[in-house]
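Have a look at the structure below before the remarks.
The values are calculated or read from the model by the stated rules, or taken from the named source; none is laboratory data. Fair warning: this is a prediction, and the values are worked out from it, not measured in the lab. Neighbour counts are summed over all protein chains in view; Cβ atoms, including those assigned to glycine, are modelled from backbone coordinates with ideal geometry.
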Amino acid sequence: MTASPEPPPEGWTLPEAAAALFPDAWSATWFPDDVTAALAVPGIRPTPSPWSQVSLDMIDTVAAAVLAGGAIPAGLETVVAACRAYEAETAQRIAAALARRAEQRAALPGLLAARMAGGAFKARGISPRNPLQPVDIPALAWGAAEIALGWEEATVRRGSKPYSSHISPPPAPGSVTLPGGITLRGVRVFTASPRGASPAEAPAVMPEIPAAPADNTSVVSGRSGFAGRPTSQQLIDVEHARRLASGEAKEKITHEAEYLSAWLATTHPDWPKATAKTIANNIGAAHRRGLQSRLK
């Protein structure tokens, strides 16, 4: 059994990860020209081109007869027939390669997401909202993630007015859009760190710590009230407030709590964990107020 390839220390981009982990599928998704496309169908070897047998002084005459369906000059019946058969076969190969390319392009993001969800690799990207703080992608988020590998096209979005529409640019290659509409760019894939890794081996990403209030009181009331290191709940409250303000928060509090629990475990792995049930109990009032203000 062939060992799975491993990314270099600086990691793979998402297209590099797809190419390394699924080389056959990746090769089927790219070809630079029709000649390469005609060779891309596995198990089929094209016949030698009969065009090489046509002399330069007759190439235009033969091409007119083959490609335009013109009259066949006397004495060129055999070579024209061979070239016509060759062009027809090549057209079939190109069509098969294009069909296979479409299938692999549709399947490859799902294959990559499933491999990432398996836990053998970890991924980290940059949010445009906070480019100085890399964000780790939780394994459970890959099931609903949208991966851009470079062949996505621009989409036309319809507006609310009659006949109004605008073109939405394609997502940046190597980006991931997570549930809630969060898009991370420049995503890189690393080998998952073994359990019990030493601090020197841990990712060089510091937890996001909320700035201390000017009055030196706790960020969240109902705790000790003394100044000091913020609690996990304070981190959750800050992220929850940001998501409410940006419209990213889930409508159902149970879904929002599940997201925040995974976010805390992934983005702040050194902090105490919090279950979705505990988070839901703590953010209930703020979540209701936030949703009500959104509807006003």
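May I ask you to verify whether residue 209 is at pLDDT below 75, touching a Pro at 6+ places or on another chain (Cβ under 7 Å) and exposed (fewer than 14 other Cβ atoms within 10 Å of the Cβ)? It is true that residue 209 is at pLDDT below 75, touching a Pro at 6+ places or on another chain (Cβ under 7 Å) and exposed (fewer than 14 other Cβ atoms within 10 Å of the Cβ).
Taking segment 109-127 as the range and being within 11 Å of residue 138 (Cα to Cα), in contact with a helix residue (DSSP H, G or I) (Cβ under 9 Å, 6 or more places away or on another chain) and surrounded by 15 or more Cβ atoms within 10 Å (Cβ to Cβ) as the test, the residues that pass are 116, 117, 121, 122, 123. Residue-level analysis places residue 144 outside the set of residues that are out of contact with any Asp or Glu (no Cβ under 8 Å at 6 or more places or on another chain), surrounded by fewer than 16 Cβ atoms within 10 Å (Cβ to Cβ) and at pLDDT below 80.
Listed here are the residues, each with its yes/no results for (1) within 15 Å of the chain's Cα centre (by Cα); (2) in the same structural domain as residue 266 (by TED's automatic domain parsing); (3) modelled with pLDDT of 85 or more.
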residue	(1), (2), (3)
104	yes, no, yes
109	yes, no, yes
118	no, no, yes
129	no, no, no
136	yes, no, yes
150	yes, no, yes
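Residue-by-condition table, conditions (1) more than 25 Å from residue 115 (Cβ to Cβ); (2) modelled with pLDDT of 85 or more; (3) part of a helix (DSSP H, G or I):
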| position | (1), (2), (3) |
| --- | --- |
| 37 | yes, no, yes |
| 47 | yes, no, no |
| 69 | yes, no, no |
| 85 | yes, yes, yes |
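Looking for something within 30 Å of residue 189 (Cα to Cα) and exposed (fewer than 13 other Cβ atoms within 10 Å of the Cβ) - is there at least one such residue anywhere in segment 74-82? There is no residue in segment 74-82 that is within 30 Å of residue 189 (Cα to Cα) and exposed (fewer than 13 other Cβ atoms within 10 Å of the Cβ).
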